[in-house]
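Chemist: Mind having a look at this structure? Questions to follow.
The values are calculated or read from the model by the stated rules, or taken from the named source; none is laboratory data. No experiment lies behind these values; they were computed from the predicted model shown. Neighbour counts are summed over all protein chains in view; Cβ atoms, including those assigned to glycine, are modelled from backbone coordinates with ideal geometry. Quick note on the areas: whole protein, heavy atoms, side chains included, nothing else; ligands and nucleic acids left out. Shrake-Rupley method; radii C 1.70, N 1.55, O 1.52, S 1.80 Å.
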Amino acid sequence: METRLIIALFAVSSALVSCNHKASKESSAQVAETVDVAIPTVENVTLSNVYPGYLTANSSVDVVAKVNGQIVSKNFESGAMVRKGQVLFKIDPTTYLDQVKQAEATLATANSTRDYAKAHYEAVKKALESDAVSKMEVIQAESAYEQAEASIKSATAALADARRLLGYCTVIAPITGRVADGVYDVGAYVSGRAEPVVVTTVYDNSSVSANFAIEDNVYHDIVNSLSRQDSLNYNKVPVIFEEPMPHDYTAEVSYLAPALNNSTGTLTIKCRIDNPYDELRPGMYVKVDLPYGRQDNAVLVKDASLATDQRGSYLYVVNDSDKVVYTPVTVGPLVHDSLRVIEKGISAGDRYVTKALLKVRDGMTVKPHLVK
């Protein structure tokens, strides 16, 4: 009797264990984590690097005073647009007016002396024909006439110099552009005769240049791309500003340095940006998205889906059995702001985990939810 009871209890116990095991499996299947997965995008992409730089004016010219004197007028508002030839400053011309008058008087005297010397020379030449004068007198008259001619040239040059200095008393804009604040105010004395003194600067902002440096290997990529005619557009290079601008801008590569900077291993590039709305200013920070090549049939994944450990970058890929597989990958450049080129590691049809990377692990069975 006792033996039969023990056998019965053992059978019941085995049945309970079997049921519990089965329930455990069913429970495990029911709690499989749902994770978002995506299929890599495949497309032809333009490869580019973003470089920081600063804007400079198309041209900037220092306005200088070239004479000594007191500034008697300032004829512009700081920061205003001025036209080429517009009067900016006037310097007291009194001293230089006197010099012009003196030079004019000297020239008049020289002309009078020359006229007399010429008439005397003609007279003694005629008198020599009748032996009324000696040949020496003719030579002396000729010498006096030549000296009078030389005096006229000297006086003419002195008058031109005096007039030039008088002209410098009116300081004009050398180019069209925006004028900086004047260094000197009305009443200030400038000493520009010995060495020109900068009184303000005019900036031509009709176009500006973004200046930055690229690595020498990128330079080779650009040259190779041009030789292959990859249809990269260097006339409309995207530019990015710290703060959004009211209008969109693109740049045109206008200058590539002919020599490498040995200390930095870089080459200087300038990109011209038209400024028709006068919104851009020299000194503004800018980023230039410079293309350097193309890659056909590139495999792209969300950059946020990538993780990194000591072995490098990796993705969690979900295989056909819905199990997570730790997959090392070789990454390329970032495109479209959020997609990363995968050069090696996964293929176009693989499913990769896009979210909740901390919740999954290698070998884990999951319930994949396909998202775009």
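Chemist: Restricting the search to segment 75-91, which residues are open to solvent by 60 Å² or more (accessible area, probe 1.4 Å), in contact (Cβ under 8 Å) with a residue 60 or more places away in the chain and within 13 Å of Ile172 (Cβ to Cβ)?
Modeler: Within segment 75-91, Arg83, Lys84, Gln86, Lys90 qualify.
Chemist: Let me ask something else about it. List, please: which pairs have Cβ atoms under 6 Å, are six or more places apart or on different chains, and start with a residue in segment 329-358 that is touching a residue at least 60 places away in the same chain (Cβ under 8 Å) and farther than 15 Å from Tyr314 by Cα and end with one that is open to solvent by 50 Å² or more (accessible area, probe 1.4 Å) and aliphatic (A, V, I, L, M)?
Modeler: Ala348/Val42
Chemist: So which of Val198, Val202 is in a strand (DSSP E or B) and buried (at least 16 other Cβ atoms within 10 Å of the Cβ)?
Modeler: On the way: Val198 fails: buried (at least 16 other Cβ atoms within 10 Å of the Cβ).
Exactly one residue qualifies, and that residue is Val202.
Chemist: Could you figure out which of (1) in contact with a helix residue (DSSP H, G or I) (Cβ under 9 Å, 6 or more places away or on another chain); (2) among the hydrophobic types (A, V, I, L, M, F, W, C); (3) open to solvent by less than 30 Å² (accessible area, probe 1.4 Å) isn't true of Val329?
Modeler: So Val329 meets the others, but not (1).
Chemist: Tell me, which strands (runs of 3 or more DSSP E) lie completely within segment 102-195 with 1 or more residues that are of a type outside the set (S, T, N, Q), open to solvent by 70 Å² or more (accessible area, probe 1.4 Å) and touching a strand residue (DSSP E or B) at 6+ places or on another chain (Cβ under 9 Å)?
Modeler: Once the strands (runs of 3 or more DSSP E) in segment 102-195 are filtered for at least 1 residues that are of a type outside the set (S, T, N, Q), open to solvent by 70 Å² or more (accessible area, probe 1.4 Å) and touching a strand residue (DSSP E or B) at 6+ places or on another chain (Cβ under 9 Å), what remains is 170-172, 189-191.
Chemist: Polar (S, T, N, Q), closer than 27 Å to Gly293 by Cα and either in contact (Cβ under 8 Å) with a residue 12 or more places away in the chain or not in a strand (DSSP E or B) (or both), is that true of Asn235?
Modeler: Judged against the criteria, Asn235 is a match.
Chemist: Give the residues of segment 273-298 that are crowded, with 17+ Cβ neighbours inside 10 Å and out of contact with any Gly (no Cβ under 9 Å at 6 or more places or on another chain), sorted by residue number.
Modeler: Correct list: Ile273, Asn275, Leu280, Met284, Leu290, Pro291, Tyr292, Gly293.
Chemist: Take the residues in segment 241-267 that are at pLDDT 90 or above and open to solvent by less than 80 Å² (accessible area, probe 1.4 Å), then tell me which one is nearest to Gly283 (Cα to Cα). Give the steps one after another, and end with the answer.
Modeler: Taking segment 241-267 as the starting set, the residues that turn out to be at pLDDT 90 or above are 241, 245-252.
Next, only the ones that are open to solvent by less than 80 Å² (accessible area, probe 1.4 Å) stay: 241, 245, 247, 249-252.
Working: Phe241: 12, Met245: 15, His247: 18, Tyr249: 16, Thr250: 17, Ala251: 16, Glu252: 18 Å.
This residue is Phe241.
Chemist: Now, a different point. Pull up segment 21-38, narrow it to residues that are modelled with pLDDT of 85 or more and open to solvent by less than 70 Å² (accessible area, probe 1.4 Å), then point me to the one that is nearest to Leu300 (Cα to Cα). Steps first, answer last, please.
Modeler: The initial filter retains those residues of segment 21-38 that are modelled with pLDDT of 85 or more, namely 33-38.
This time we only want the ones that are open to solvent by less than 70 Å² (accessible area, probe 1.4 Å), so: 33, 35-38.
Working: Glu33: 25, Val35: 20, Asp36: 17, Val37: 14, Ala38: 11 Å.
Top of the filtered list is Ala38.
Chemist: For segment 316-359, which strands (runs of 3 or more DSSP E) that fit wholly inside it have 1 or more residues that are of a type in the set (D, E, K, R)? Spell out how you get there, then give the answer.
Modeler: Values: elements: 324-328, 330-335, 339-344, 351-353.
The strands (runs of 3 or more DSSP E) meeting that bar are 339-344, 351-353.
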